[in-house]
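Report on the following structure.
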Amino acid sequence: MPSIGLELIYPPNCKPINDDLSKEELRRRLTELCNALDNVIEEEGKSTETSLDGDRLSLSQDHTKYKGLFLLLGSPEFLKNADRDIQLRVGVCICKLLKIFCPCNPLSGLSDEKVLTKEILYFLIDCIGLLSNVKTKTDAVYIKLHTMIYICAQIDVFMWCSFLEDESVLFGFVKMVFAIVKNLDVWSWTDNSIVRQMILDMAVKVIIQSEKFLSSDLVTFILQYLIEPAKSTQPAQHTFARDLIIRTADQLEYRIQMLLQNSLIVGKCNGTQMKTEGKPIRPPEEVLEDSSVGISDVTESKDDQGNSDLLGEHAFLIIYALHTIQSSIVAPVLPTIELKLKSPIVRERKRSFRLLARLFSEPNSLLHRRNPSLWDAFLGRFNDIDSEVRKLCIHMLPQLLKQNQDLLHEQLLTNFQQRIYDPDEG
C-alpha cells in the first residue's frame, strides 16, 4: 500500500482498499465506497439547503478528512491498475470526491500539487475518452463513464488545465472532447443538443481560461475539422469545431492568423502538420464547384515536392471555411492573398484566384466593396501572362455572375470580352 503521509479516513461502512486485495474484492470495496460517497454528497446537499448562510466552502472544509483517501485513489497503484474496470471504478470515486471537495482542489497546498493534479487530469482524460468507443448505453462501462463526464463538466474539473500551465494536458483534453463528440448521439443520456451544449460550454471555458497556453498544434487540430475530409466524414466534429471557434474567436484568432500567415509567406508552420485520427490529410483538389473539376492545380511543382507543411497545402481551404464562419478572423490575412495573386509562381496565382472567386461569389458578399484593391488585383488575373491562369478566370466566371448579384458584373464582363479573341482560350 502506498505511503500518502495523511490519515486515511473512509466514509461510514466502508472497508479499507489497497492493491493487495483480489480483483473481485477490490471491485466490491470500490463499489461500496462509491455508494458511500453518494450518501456524503446527498447529506451535503441537504445541509446546503438548510444552511442559513449557504457557505459552500465551509461545508467542503468539513470533508478535508478525505484528503488522504483522495491521495490513495490518485496513487499509481490505482490510476495505472492493469484492470480497466477497476480503473473506471477508481475514476468514479475520484470524481465524486472532487464533487465533495468542490470548489477546492483536494491537492491544494501539497508540495507536488501540480504533478499530482496533472496525473489526475491525464487519468480522467484517458478514462472519459473511452466514451468514443461506446456502441450502446447497455455497454458495461457506460454508467461509469457517464458519471465521470457529467461530474467533470458540472464542477469544471478541467479548468485545472490553466492552473497547470501545461500545453500537453490542454491538448489532451481538446482531443478527448472531439473524440467523444463524434458518437455523442450514442452515449448522450438526455437530449443530444443539451449534452452537446454542456460539452461545448466546458471546452469553451477551458480554452478561454487557458489562452496563454494554446499551442500551434492545438489550433491546427481544431482547424482540420473545418475542411474535407472531416467536413463530410465527421459532421458532428465539424459543427463542434465551428461553434467552438465562434465562441473562442478572441482567444484563437491571433494564433490562427499567425499560422496562416506563416503558411502563406514562409511555407511552414513551426513543423505543424494537420492530421485526422493521427494520419496526415492528403492535400485535396481545390475547386469552386463540381463544374470546375477540369481546371486543377494540384500537381506540385518541383519546389513543392517534399513539402511537409500540410497546413500550407490547406491554408486556402481553411481561409475560405473561416471566412464563412467569421470573416473578421481572416480579414488580416487577405492582403497576403493579394500578394499571392501577383506571385511569380503560377500555382500560387491560380490557388489565390480560386480562393477569391469563392469569397467574392458568396451570396450577398460585399468583400469587393470593402476591399477594392483586392478586387482590382483579382480582375487583373484575367490578363495574366500565363494561359492556364486566364483559362481558370474564364472557367470561374459563370459562378461569379450566378451566385452573387451584388458583384460588379459590368467589370467582369468587360474582362471576359477582352479574352474572347485570346487564341489560348479558344
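The residues on offer are 42, 49, and the sole one that is within 36 Å of the chain's Cα centre (by Cα), farther than 26 Å from residue 118 by Cα and at pLDDT below 90 is 42.
Restricting attention to the range 141-158, the residues being more than 17 Å from residue 97 (Cβ to Cβ) and in contact (Cβ under 8 Å) with a residue 12 or more places away in the chain number 4.
What residue, of 328, 343, is part of a loop (DSSP other than H, G, I, E, B), closer than 23 Å to residue 262 by Cβ and at pLDDT 80 or above? Show your work before the answer.
Numbers: 328 fails: part of a loop (DSSP other than H, G, I, E, B).
On inspection, the qualifying residue turns out to be 343.
Within the range 197-221, residues that are touching a residue at least 24 places away in the same chain (Cβ under 8 Å) have Cβ atoms under 6 Å from residues that are part of a loop (DSSP other than H, G, I, E, B) and of a type in the set (A, V, I, L, M, F, W, C) in these pairs: 220/274, counting only partners at least 6 apart in sequence or on another chain.
For the range 130-174, how many residues are farther than 21 Å from residue 105 by Cβ and surrounded by 15 or more Cβ atoms within 10 Å (Cβ to Cβ)?
If we filter the range 130-174 for residues that are farther than 21 Å from residue 105 by Cβ, which is where we start, we get 130-146, 171, 174.
Restricting the remaining residues to those that are surrounded by 15 or more Cβ atoms within 10 Å (Cβ to Cβ) gives 130-132, 134, 139, 141-142, 144-146, 171, 174.
Selection size over the range 130-174: 12.
Within the range 242-266, the set of residues being under 17 Å from residue 202 (Cβ atoms), of a type in the set (A, V, I, L, M) and surrounded by fewer than 19 Cβ atoms within 10 Å (Cβ to Cβ) comprises 246 only.
When the range 19-35 is limited to residues that are among the basic types (Lys, Arg) and in contact with a Lys or Arg (Cβ under 8 Å, 6 or more places away or on another chain), the one that is surrounded by the fewest Cβ atoms within 10 Å (Cβ to Cβ) turns out to be 27.
Listed by position, the helices (runs of 4 or more DSSP H) contained in the range 180-226 that have at least 2 residues being among the aromatic types (Phe, Trp, Tyr) and within 11 Å of residue 240 (Cα to Cα) form an empty set.
Quick one: residue 220 ticks every box in (1) closer than 30 Å to residue 338 by Cα; (2) surrounded by fewer than 18 Cβ atoms within 10 Å (Cβ to Cβ); (3) among the hydroxyl-bearing types (Ser, Thr, Tyr) bar one, so which box is it? Residue 220 satisfies all of (1) closer than 30 Å to residue 338 by Cα; (2) surrounded by fewer than 18 Cβ atoms within 10 Å (Cβ to Cβ); (3) among the hydroxyl-bearing types (Ser, Thr, Tyr) except (2). Among the conditions (1) touching a residue at least 24 places away in the same chain (Cβ under 8 Å); (2) not in a helix (DSSP H, G or I), residue 138 misses just one, which is (1). Of the conditions (1) more than 25 Å from the chain's Cα centre (by Cα); (2) under 30 Å from residue 192 (Cβ atoms), residue 124 clears all except one; give me its number. Among (1) more than 25 Å from the chain's Cα centre (by Cα); (2) under 30 Å from residue 192 (Cβ atoms), residue 124 violates only (1). All conditions in (1) in a helix (DSSP H, G or I); (2) among the acidic types (Asp, Glu); (3) at pLDDT 75 or above hold for residue 362, with the sole exception of (1).
The values are calculated or read from the model by the stated rules, or taken from the named source; none is laboratory data. Keep in mind the model is a prediction, meaning the values are calculated, not measured. So basically every Cβ, Gly included, is an ideal-geometry build from the backbone, and we count neighbours across all protein chains shown.
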